[in-house]
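Trainee: I am attaching a structure below and will ask some questions about it afterwards.
The values are calculated or read from the model by the stated rules, or taken from the named source; none is laboratory data. What you see is a predicted model, and the numbers here were worked out from it, not measured in a lab. Here the Cβ positions follow ideal geometry from the backbone for every residue, glycine too, while neighbour counts run over all protein chains shown.
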Amino acid sequence: MPAIMTMLADHAARQLLDFNQKLDINLLDNVVNCLYHGEGAQQRMAQEVLTHLKEHPDAWTRVDTILEFSQNMNTKYYGLQILENVIKTRWKILPRNQCEGIKKYVVGLIIKTSSDPTCVEKEKVYIGKLNMILVQILKQEWPKHWPTFISDIVGASRTSESLCQNNMVILKLLSEEVFDFSSGQITQVKAKHLKDRQVYVMCNEFSQIFQLCQFVMENSQNAPLVHATLETLLRFLNWIPLGYIFETKLISTLIYKFLNVPMFRNVSLKCLTEIAGVSVSQYEEQFVTLFTLTMMQLKQMLPLNTNIRLAYSNGKDDEQNFIQNLSLFLCTFLKEHGQLIEKRLNLRETLMEALHYMLLVSEVEETEIFKICLEYWNHLAAELYRESPFSTSASPLLSGSQHFDVPPRRQLYLPVLSKVRLLMVSRMAKPEEVLVVENDQGEVVREFMKDTDSINLYKNMRETLVYLTHLDYADTERIMTEKLHNQVNGTEWSWKNLNTLCWAIGSISGAMHEEDEKRFLVTVIKDLLGLCEQKRGKDNKAIIASNIMYIVGQYPRFLRAHWKFLKTVVNKLFEFMHETHDGVQDMACDTFIKIAQKCRRHFVQVQVGEVMPFIDEILNNINTIICDLQPQQVHTFYEAVGYMIGAQTDQTVQEHLIEKYMLLPNQVWDSIIQQATKNVDILKDPETVKQLGSILKTNVRACKAVGHPFVIQLGRIYLDMLNVYKCLSENISAAIQANGEMVTKQPLIRSMRTVKRETLKLISGWVSRSNDPQMVAENFVPPLLDAVLIDYQRNVPAAREPEVLSTMAIIVNKLGGHITAEIPQIFDAVFECTLNMINKDFEEYPEHRTNFFLLLQAVNSHCFPAFLAIPPAQFKLVLDSIIWAFKHTMRNVADTGLQILYTLLQNVAQEEAAAQSFYQTYFCDILQHIFSVVTDTSHTAGLTMHASILAYMFNLVEEGKISTPLNPGNPVNNQMFIQEYVANLLKSAFPHLQDAQVKLFVTGLFSLNQDIPAFKEHLRDFLVQIKEFAGEDTSDLFLEEREAALRQAQEEKHKLQMSVPGILNPHEIPEEMCD
């Protein structure tokens, strides 16, 4: 059967690709049918035949036959794909008469198909694709080769309504192409020229298009045509000369003629929104008119007393869209021109009505609409705050009357803002999600699978509420206190109401005067604690507990200033640590660690009225506090206490605390070690191995918090721990030898590997925090290398721990020159065997892959002389692995690879003796590999690094830093040789490039190598030229710029946030700013 299939496929391919005979349209239809309705091999054959045909340079000559005679819509679409391909990639090299022929044919086809109204409806998709083809032709031809296009299309539109309707769609598509210019689609120079030229012509000849639109809007009774015209107009509004908008009847036509007609109201409102977004000062009267007329119509369509929330939930799609469009219109107009309306006393009432609509729409239960409204409320509150940040409502304690000295603009908005506060408090989003999951080691841990949408909404609401609190603190407090009383007396009691209220209370931390904060919080916490006593049922208690914990975690400033309260809160958390309801213990431990980080010093000092520091009380009762916690919660608890101990500055006291702190885990550890000394088989007992893993995790978290002083505990268990490591390694190897690699998936073996991993984590964690490199190098490194290196090398790949590599990388980074002498030993053990695991493909062993290159990077940066000392064969392997790294599709690995190469080249240049032979052996090789990634589309994110490396390399050649001939066979001047070498390299890879193009590019590589940004643009322009011919999308070449712009915007926003008290979450504020 497969053999017959292949014969048929060959026959079909031969016949379809033979351009000397007439196209067999039935055969083509059959092949296309196979592609869409066949299966397996049949489908693959069809795909192959069609791809060959499509790639044939003369395929486009068959398109007219396909479109005219095929009975199969999919075949017609295939024909159009061929046509689109030739227009995008080969138009420039077709003879002019052929271009004209294609153009004429496409126009004729569109006129024929779209002149018949029944055909338009029936073949909508087909006409849509034809329109896109025409726009592709226009991008190449207009205005230079087709100057009359605008008058042609306007003229044709007057001959038939259905043709006119389709022409509107073409104009809309053209507008999108010319004005929403796709970044990077065309080389820099061309973009400027083309866009200016097309924009100029489009604006210049727009009067013809505008008259056509006006004619349709005034005279046509054909609803679909009018709708298409309004849709097209909508696309024009963001670029047409402003006179067409503000000096014609356009605005009044939209409002009086179309806004109140159900079929047109959505597109009309979108047009009005687009106009409202224009910011120019010379048309103030027109904006006022736009606003007042729209509001008049609006009040008839949607009376002010409408319950919009209800209307929305019962509405049809079209009606729901109208509410969303209304929110966009009001938000856009009020943000741009609100102040213009405010200044006119006669419009105050209208302004208040608009704000009333905004409030009604803000209540709609639809997140997307709420986000639009929120954007406006945030803008308004921030603007009012920034106008006079220091006339914040004074503390109610200090001011007799509530609103003394309120700026007039603020006064105007007072009643509205009070309603917005209530809205924010009632709808506050959830701060973060908690999920408990199983990790790769089969352990149940908790993970934050953050719902980024919900978190972003929370951040925006939080920011808005903080501004609103600054504007009138007393009102915020009044709303929150009333709502809290209604929770306590039961009139508004529900989980949702309590949650949103408590999330809101937590979100304004830092936005009040400290005195007010104290008074307010004491009330809040007392009420919540009372509620906790009053409510029965585990679920109720859990909700209330989580809210108490959330709020206290948000107010570290208050806790630092009020020791008694801090102590009460922490004791309450210890109580919650015994509450087994899902999530409560997690949250108690989480809140405890937040408070420990922010108030660490207060726990190690003797507070007023206390006989000893609170840390001693915690350590005395640690057993009872943690007895109901799960292992991962115990680890969090230990990290929290570690921060407190880390704050003790007296070394002797601190050492004593650490001993007491680690007493429990050490007792279990000692007992296991004692048993193992008598009978080593105890280390094969699942329960024992599990316990070891948990104890080490406790140590890891404790070390993370305590830092360098943890050395006293690490020294105590260090050698035993390494012996356990060796012993478990042998157990794992023996099990693999007996039962094959599958055994690594068994729970016991996974637990053993957890112990090995945590051992490495503990050591690397401590080393990275240590502050005495010599002591580490002399005392800790030798036994470590002895335990892990040979073990790593001997193990089967599946049993090698990637942490060995990351631990070595951390040690090299931390110890630098102190460890150079050990590098050969480390390399012997881990280098080649790891390279063989990762050089077969780009996917397997992702952790080993990442860590391997991090180790390479560390050695390259800190112990470069070690590279020069290794044998040439091994050095070649190092270089090969670097090249392998930057060819990765895993972006972190590729970035590390480029970074290593760049540093390596700079390091080599410093070593005169080694440099010349390095250049002779590797320079051209490296150049070739870098060009292969530069021209590979999946690597565009690395463009800046590619540019930096190439510029550096070309600079070395140009400045004569390479004295040895790079082409020993024919020693010419190195610069000439490299020019020729690169030119040949590119010509063989991209035969379609003209010699002049290549020459220009290579010249630029030399002349621009001192100016990285220019060098990068030069590279990018070259890439666009390559991709244009190949017909690929080039927008991704600007990926880096887009990322950088986003980063910069983020940083600027952060700076702004830092300046407003309360905008940043207290846990986002750096330590030194807290105390």
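Trainee: Determine if segment 885-896 includes at least one residue that is of a type in the set (S, T, Y), more than 19 Å from L815 (Cβ to Cβ) and either surrounded by 22 or more Cβ atoms within 10 Å (Cβ to Cβ) or at pLDDT 95 or above (or both).
Mentor: Yes: segment 885-896 contains one or more residues that are of a type in the set (S, T, Y), more than 19 Å from L815 (Cβ to Cβ) and either surrounded by 22 or more Cβ atoms within 10 Å (Cβ to Cβ) or at pLDDT 95 or above (or both).
Trainee: For D152, are the conditions met, namely being assigned by the TED database to the domain that holds S207 and part of a helix (DSSP H, G or I)?
Mentor: yes
Trainee: Something else: Among the helices (runs of 4 or more DSSP H) confined wholly to segment 207-323, which include 1 or more residues that are among the aromatic types (F, W, Y) and closer than 17 Å to Y357 by Cβ?
Mentor: 284-301, 308-314
Trainee: Please indicate, with yes or no, whether at least one residue in segment 898-915 is more than 37 Å from the chain's Cα centre (by Cα), crowded, with 19+ Cβ neighbours inside 10 Å and in a helix (DSSP H, G or I).
Mentor: Taking every residue of segment 898-915 in turn, at least one turns out to be more than 37 Å from the chain's Cα centre (by Cα), crowded, with 19+ Cβ neighbours inside 10 Å and in a helix (DSSP H, G or I).
Trainee: Moving on to the next point. Given the criterion assigned to a helix (DSSP H, G or I), aliphatic (A, V, I, L, M) and farther than 21 Å from A640 by Cα, identify the matching residue among V711, V724.
Mentor: V724
Trainee: Within segment 327-381, can you find the residues that are of a type in the set (A, V, I, L, M, F, W, C), without any contact (Cβ under 8 Å) to a residue 40 or more places away in the chain and farther than 15 Å from M295 by Cα?
Mentor: Correct list: L345 only.
Trainee: Which pairs have Cβ atoms under 6 Å, sit 6 or more apart or on different chains, and link a residue in segment 139-158 that is surrounded by fewer than 13 Cβ atoms within 10 Å (Cβ to Cβ) to one that is aliphatic (A, V, I, L, M) and in a loop (DSSP other than H, G, I, E, B)?
Mentor: From residues that are surrounded by fewer than 13 Cβ atoms within 10 Å (Cβ to Cβ), there are no pairs.
Trainee: State which residue is modelled with the lowest pLDDT when the search covers only segment 954-974 and only residues that are crowded, with 17+ Cβ neighbours inside 10 Å and either under 18 Å from R1020 (Cα atoms) or charged (D, E, K, R) (or both).
Mentor: Step by step, filter segment 954-974, then rank; the result is E958.
Trainee: Answer yes if at least one residue in segment 264-285 is over 41 Å from the mean Cα position of the chain (by Cα) and under 28 Å from N346 (Cα atoms), and no otherwise.
Mentor: Yes, segment 264-285 has at least one match.
Trainee: If Y473 satisfies all but one of (1) among the aromatic types (F, W, Y); (2) surrounded by 20 or more Cβ atoms within 10 Å (Cβ to Cβ); (3) under 23 Å from K572 (Cα atoms), what's the number of the condition it fails?
Mentor: Tallying (1) among the aromatic types (F, W, Y); (2) surrounded by 20 or more Cβ atoms within 10 Å (Cβ to Cβ); (3) under 23 Å from K572 (Cα atoms), Y473 fails exactly one: (3).
Trainee: Output the qualifying pairs, or none if there are none: Cβ atoms under 8 angstrom, residues six or more apart or on different chains, first residue in segment 665-682 and of a type in the set (F, W, Y), second residue part of a helix (DSSP H, G or I).
Mentor: Final answer for the pair search is W669/L692; W669/I695; W669/I717; W669/D720.
Trainee: Identify all residues within segment 555-608 that are among the aromatic types (F, W, Y) and closer than 22 Å to Y638 by Cβ; write none if there are none.
Mentor: Selection gives F574, F576, F592, F603.
Trainee: Please verify whether G693 is more than 23 Å from M752 (Cβ to Cβ) and among the small types (G, A, S), treating the condition exactly as stated.
Mentor: no
Trainee: Taking the stated definitions as given, is V267 modelled with pLDDT of 95 or more and either among the small types (G, A, S) or crowded, with 18+ Cβ neighbours inside 10 Å (or both)?
Mentor: yes
Trainee: Can you spot a residue in segment 654-669 that is within 25 Å of H562 (Cα to Cα), among the charged types (D, E, K, R) and over 35 Å from the mean Cα position of the chain (by Cα)?
Mentor: No, every residue in segment 654-669 fails to be within 25 Å of H562 (Cα to Cα), among the charged types (D, E, K, R) and over 35 Å from the mean Cα position of the chain (by Cα).
Trainee: Of the numbered conditions (1) surrounded by fewer than 22 Cβ atoms within 10 Å (Cβ to Cβ); (2) modelled with pLDDT under 95, V569 satisfies every one except a single condition; which is it?
Mentor: Result: V569 passes all but (1).
Trainee: Determine whether segment 279-289 contains at least one residue that is surrounded by 16 or more Cβ atoms within 10 Å (Cβ to Cβ), on the phi < 0 side of the Ramachandran plot and without any contact (Cβ under 8 Å) to a residue 40 or more places away in the chain.
Mentor: Within segment 279-289, none of the residues are surrounded by 16 or more Cβ atoms within 10 Å (Cβ to Cβ), on the phi < 0 side of the Ramachandran plot and without any contact (Cβ under 8 Å) to a residue 40 or more places away in the chain.
Trainee: Next up: Take residues that are at pLDDT 90 or above and in contact with a Gly (Cβ under 7 Å, 6 or more places away or on another chain) and tell me which of the helices (runs of 4 or more DSSP H) falling wholly in segment 10-107 contain 3 or more.
Mentor: Result: 63-69.
Trainee: Same structure again: Determine whether segment 649-656 contains at least one residue that is buried (at least 18 other Cβ atoms within 10 Å of the Cβ) and hydrophobic (A, V, I, L, M, F, W, C).
Mentor: no
Trainee: Could you tell me which residue of segment 822-849 is nearest to the chain's Cα centre (by Cα), considering only residues that are touching a residue at least 40 places away in the same chain (Cβ under 8 Å), within 24 Å of A787 (Cβ to Cβ) and surrounded by fewer than 19 Cβ atoms within 10 Å (Cβ to Cβ)?
Mentor: E847
Trainee: For the structure I just gave you, tell me whether V804 is of a type in the set (V, I, T), surrounded by 19 or more Cβ atoms within 10 Å (Cβ to Cβ) and touching a helix residue (DSSP H, G or I) at 6+ places or on another chain (Cβ under 6 Å).
Mentor: yes
Trainee: So the check is Cβ under 6 Å with 6+ separation or different chains; which pairs have a first residue in segment 703-714 that's touching a residue at least 12 places away in the same chain (Cβ under 8 Å) and a second one that's of a type outside the set (D, E) and outside any helix (DSSP H, G or I)?
Mentor: Within 6 Å, the pairs are H708/S770; H708/N771; Q713/M662.
Trainee: Also, I was wondering about something else. When residues of segment 209-264 are filtered for being closer than 14 Å to K172 by Cβ and polar (S, T, N, Q), how many remain?
Mentor: 3
Trainee: Still on this model: Answer with yes or no whether S175 is closer than 29 Å to N222 by Cα, at pLDDT below 95 and either of a type outside the set (A, V, I, L, M, F, W, C) or touching a strand residue (DSSP E or B) at 6+ places or on another chain (Cβ under 8 Å) (or both).
Mentor: Yes, satisfied.
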